[in-house]
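This report refers to the structure that appears directly beneath it.
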Amino acid sequence: MVDMEMLGIVIAVSTGGAGFVLAVLTWLSFRGAPFGDALVVLILFMGAFTVYHASLAVWGEVPTYVLAVESLTFALVAVFMGLMVRIHYRYLRVPKTEATAE
């Protein structure tokens, strides 16, 4: 395995671990909100990605179909996060009230 690939794997594992910890901390903050419920799925994704990238150091060569599944999974996570942000902002929106003249 090339040194740059190993460096990329180390960075991915450390970033994934930090993302996992931050997702758990965010979930603790938003536990009662609908966005907080969806963060449980994000926590599972972050844990799975960290294990996957750590296993790349052991496996070495990865078949093409594994890379395709990885790309699809990353795209689904991006769509999922976009939907969750949209839902969260919808619940945060305060109804507009008309200004009353005094």
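The values are calculated or read from the model by the stated rules, or taken from the named source; none is laboratory data. Being a predicted model, the structure only gives us computed values, none of them experimental. Note that each Cβ is placed from the backbone with ideal geometry, even for glycine, and that neighbours are counted across all protein chains shown.
Please tell me if Gly8 is surrounded by fewer than 13 Cβ atoms within 10 Å (Cβ to Cβ) and either in contact with a Gly (Cβ under 9 Å, 6 or more places away or on another chain) or without any contact (Cβ under 8 Å) to a residue 40 or more places away in the chain (or both).
no
Mind listing whichever residues of region 49-79 are surrounded by 14 or more Cβ atoms within 10 Å (Cβ to Cβ), hydrophobic (A, V, I, L, M, F, W, C) and within 14 Å of the chain's Cα centre (by Cα)?
Within region 49-79, Phe49, Val77 qualify.
All but one of (1) surrounded by 14 or more Cβ atoms within 10 Å (Cβ to Cβ); (2) modelled with pLDDT of 80 or more; (3) aliphatic (A, V, I, L, M) hold for Leu42, so report the exception by its number.
(2)
For residues in region 27-36 being surrounded by 14 or more Cβ atoms within 10 Å (Cβ to Cβ) and over 17 Å from Ala78 (Cβ atoms), which is farthest from the chain's Cα centre (by Cα)?
Ala33
Which of the residues spanning region 41-68 are outside any helix (DSSP H, G or I) and farther than 19 Å from Leu7 by Cα?
Correct list: Pro63 only.
Under 7 Å by Cβ, and 6 or more places apart or on different chains, what pairs join a residue from region 26-43 that is under 12 Å from Val85 (Cβ atoms) with one that is at pLDDT 75 or above and assigned to a loop (DSSP other than H, G, I, E, B)?
Sorted first by the residue in region 26-43, then by its partner, the pairs are Leu39/Phe30.
For Leu22, are the conditions met, namely being surrounded by 11 or more Cβ atoms within 10 Å (Cβ to Cβ), free of Cβ contacts under 8 Å to residues at least 24 places away in the same chain and in a helix (DSSP H, G or I)?
yes
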